[in-house]
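K.L.:
First, the structure itself, so that you have it in front of you.
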Amino acid sequence: MVDVHLHTKISFDSKEEPENYIKRAKELGVKTIGFSEHYDFDAFLDGEKDVTLADLDRYTNYIEKLNKDYPDVEILQGIEFGYRKEAEPKYKELLQNYPFDYVINSLHTLPNRGDCYHDKFFEGKPLKDSYLEYFKGVLESVNADYDYQIIGHIGYVCRYRTGEGSQIKYLDYSDILDEILKAIISKDKCLEINTSSGVGGCTFLPDMDIIERYIQLGGKLLSFGSDAHNSNNYYKNAQMLKDFLKQVGVNELYYYKDRQPIAYKI
């Protein structure tokens, strides 16, 4: 399978060399690999330092060099945008100036609330209310006014939650989840299956019952992302995902090149 959600030293939260992912891909016989460095302008708007914004010129040059150095591997240049309504003009500008193969649109923060996985996000509210607030933000992100391809890690809000009610189950949030999934389908966007689920009790993000509902509603565009920040986690839980997809009758996934979907059999 093609892992299209990988972070390297170009991102603020990784120290990994891009070459190490490529070497792992070659060991596994994988012919295509996709990097997706962070560009979290949402965090910048909240006062975080520029460190959250990848150096895009350096990133572009690095991808060009890697493609020359490893001609037997297709190396894609993706980007992960941290969604915020106020960031839309900035993201539109970047998409005009950089040759991204695809954009993963991810909700990490909410205005005046900070990062959705931090303990502070949940202070003063019942857990379910905080989750619903996150899902409303995800729904807004699906309607973003820029050319993204993939909706990233739905369920991120529960990644580091533990205890009763921490796992997000479709039936507990069916109304808002149906809105989100139907919007993704109607806009021909791709739902990422993120296999780095954290400690929240979910197998994937979104979890299996939500993926099954997406398929039931007619969703076909699915991508695989390990969300690895080091090469040891490259291809994480890939076989588990492949087994699950076969159980639910899915035999192809998608990646993007030049922002166009490419289907491949699994």
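K.L.:
Is at least one residue of the range 239-256 within 30 Å of His118 (Cβ to Cβ), of a type in the set (Ser, Thr, Tyr) and not in a loop (DSSP other than H, G, I, E, B)? So that I can check it myself, show each step before the final result.
P.N.:
Here is the first cut: in the range 239-256, the residues within 30 Å of His118 (Cβ to Cβ) are 240-241, 244.
When the remaining residues are screened for being of a type in the set (Ser, Thr, Tyr), the result is none.
The answer is no, given that none of the residues of the range 239-256 is within 30 Å of His118 (Cβ to Cβ), of a type in the set (Ser, Thr, Tyr) and not in a loop (DSSP other than H, G, I, E, B).
K.L.:
Count, please, the residues in the range 135-161 that happen to be assigned to a helix (DSSP H, G or I) and of a type in the set (S, T, N, Q).
P.N.:
Number satisfying all stated conditions: 1.
K.L.:
Identify the residue in the range 173-193 that is not in a helix (DSSP H, G or I) and not aliphatic (A, V, I, L, M) and, among all such residues, is nearest to Met208 (Cα to Cα).
P.N.:
Glu192
K.L.:
Is at least one residue of the range 189-205 touching a residue at least 40 places away in the same chain (Cβ under 8 Å), surrounded by 15 or more Cβ atoms within 10 Å (Cβ to Cβ) and over 18 Å from the mean Cα position of the chain (by Cα)?
P.N.:
yes
K.L.:
Among the listed residues Gly47, Gly29, which satisfies the condition of being surrounded by fewer than 21 Cβ atoms within 10 Å (Cβ to Cβ), closer than 19 Å to Phe81 by Cα and without any contact (Cβ under 8 Å) to a residue 40 or more places away in the chain?
P.N.:
Checking each option against the conditions leaves just Gly47.
K.L.:
May I pose another question? Restricting attention to the range 68-80, which residues are within 16 Å of Thr8 (Cα to Cα) and out of contact with any Gly (no Cβ under 9 Å at 6 or more places or on another chain)? Before the answer, list the steps.
P.N.:
Taking the range 68-80 as the starting set, the residues that turn out to be within 16 Å of Thr8 (Cα to Cα) are 75-80.
Selection gives Ile79 alone.
K.L.:
When you go through (1) exposed (fewer than 14 other Cβ atoms within 10 Å of the Cβ); (2) touching a residue at least 60 places away in the same chain (Cβ under 8 Å) one by one for Glu93, which number turns out not to apply?
P.N.:
The failed condition is (2).
K.L.:
A further question follows. Out of the residues in the range 222-254 that are more than 19 Å from Arg24 (Cα to Cα) and touching a residue at least 60 places away in the same chain (Cβ under 8 Å), state the one that is surrounded by the most Cβ atoms within 10 Å (Cβ to Cβ).
P.N.:
For the range 222-254, the residue satisfying everything is Ser223.
Coordinate-derived values only; no laboratory data. Model, not experiment: these values are computed from the prediction. Cβ atoms come from the backbone with ideal geometry, glycine included; neighbour counts cover every protein chain shown.
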